[in-house]
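Here is the structure we will look at, set down as structure tokens.
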Amino acid sequence: MAALFLASASPRRRELLTQIGAPFSLLSVSIDETPLPGEAPEVYVQRLAREKAAAGLAALDEPGAFVLGADTTVVLDERILGKPADRADALAMLGALSGREHQVLTAVALAGEAGCEVRLVGSHVGFRSITPAEAEAYWASGEPQDKAGGYAIQGLGAIFVSSLRGSYSAVVGLPLCETAQLLEARGLPYWTKSST
């Protein structure tokens with residue numbers, strides 16, 4: 001059976017892939033995540049997912065292996081909101097997202113010897129109004145520091161979410177429906193847990 005590797009340091013992606021019972025090993029990869037000049041968010045997120053998967057595959061010496069890479073970005077008014085640089089950046093992001101709907105784009109890529117296939121999932125997340133005191137308290141919790149858009153829907157940030165249209169798992173970081181489809185197309189197992 002071909003081995004599957006997850007090229008991600010994200011504990012959330014690890015938990016999601018474990019959730020569907022896919023056996024995998026972890027790989028650490030490092031790529032430049034700077035958007036290219038004029039790069040559209042949809043193109044950006046797919047490029048990063050593909051580059052992560054390709055970098056992981058290149059680091060392996062295991063014939064027949066597959067590497068899964070993923071990337072998630074928050075988009076507001078066609079502007080990519082990455083991980084906040086500091087407190088002021090996080091507070092500005094939360095202020096911009098407050099009382100509005102934004103898009104979360106997640107791309108997942110599966111790379112193997114025969115090439116790389118990418119799926120893109122777009123979801124729409126609505127935020128209620130966030131007071132400055134709430135934004136300050138949320139920053140102080142430490143949660144926003146390494147999250148795209150400065151929030152985590154699976155954590156404390158859920159209290160700001162008033163609506164979600166699309167894939168919850170994609171907003172967290174790995175679209176499970178599309179991931180399972182990619183794995184199935186390459187004959188890679190999931191649902192391997194016993195039902196005890």
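State the number of residues belonging to segment 60-71 that are open to solvent by 10 Å² or more (accessible area, probe 1.4 Å) and under 17 Å from Leu188 (Cα atoms). Result for segment 60-71: 4. Do we find that Ala135 is under 23 Å from Gly21 (Cα atoms), surrounded by 19 or more Cβ atoms within 10 Å (Cβ to Cβ) and of a type in the set (A, V, I, L, M, F, W, C) in this structure? It is false that Ala135 is under 23 Å from Gly21 (Cα atoms), surrounded by 19 or more Cβ atoms within 10 Å (Cβ to Cβ) and of a type in the set (A, V, I, L, M, F, W, C).
Taken as a whole, the structure places Gly99 among residues that are of a type outside the set (Val, Ile, Thr), part of a loop (DSSP other than H, G, I, E, B), more than 22 Å from Ser8 (Cβ to Cβ) and touching a strand residue (DSSP E or B) at 6+ places or on another chain (Cβ under 9 Å). Taking segment 98-119 only, how many residues are open to solvent by less than 10 Å² (accessible area, probe 1.4 Å) and in contact (Cβ under 8 Å) with a residue 60 or more places away in the chain? Within segment 98-119, residues that are open to solvent by less than 10 Å² (accessible area, probe 1.4 Å) and in contact (Cβ under 8 Å) with a residue 60 or more places away in the chain number 9. Filter segment 1-59 for residues that are open to solvent by less than 40 Å² (accessible area, probe 1.4 Å) and of a type in the set (Asp, Glu) and give the result. Once the filter is applied, which keeps residues that are open to solvent by less than 40 Å² (accessible area, probe 1.4 Å) and of a type in the set (Asp, Glu), segment 1-59 yields only Glu39. Among the residues of segment 79-97, none qualifies, meaning not one is of a type in the set (Val, Ile, Thr), over 20 Å from Leu183 (Cα atoms) and surrounded by 19 or more Cβ atoms within 10 Å (Cβ to Cβ).
Taking residues in segment 34-61 that are part of a helix (DSSP H, G or I), and partners anywhere that are of a type in the set (Gly, Ala, Ser) and open to solvent by 30 Å² or more (accessible area, probe 1.4 Å), the pairs with Cβ atoms closer than 9 Å and at least 6 places apart or on different chains are Glu42/Gly122; Ala55/Ser30; Gly56/Ser28; Ala59/Ser28. Looking across segment 159-180, the residues that are open to solvent by 70 Å² or more (accessible area, probe 1.4 Å) and either more than 16 Å from Ala109 (Cβ to Cβ) or more than 17 Å from the chain's Cα centre (by Cα) (or both) come down to Ile159, Ser162, Arg165, Tyr168.
Looking at segment 117-141 only, could you name the residues that are of a type in the set (Asp, Glu) and in a helix (DSSP H, G or I)?
Glu134, Glu136
Candidates in segment 142-158 are the residues that are assigned to a helix (DSSP H, G or I) and in contact (Cβ under 8 Å) with a residue 24 or more places away in the chain; of these, the one that is surrounded by the fewest Cβ atoms within 10 Å (Cβ to Cβ) is Asp146.
The values are calculated or read from the model by the stated rules, or taken from the named source; none is laboratory data. What you see is a predicted model, and the numbers here were worked out from it, not measured in a lab. Positions of Cβ are generated from backbone atoms using ideal geometry, with glycine treated the same way; all protein chains shown enter the neighbour counts. When the accessible area is computed, the model is the full protein with side chains, heavy atoms only, and any ligands, DNA or RNA have been set aside. Shrake-Rupley method; radii C 1.70, N 1.55, O 1.52, S 1.80 Å.
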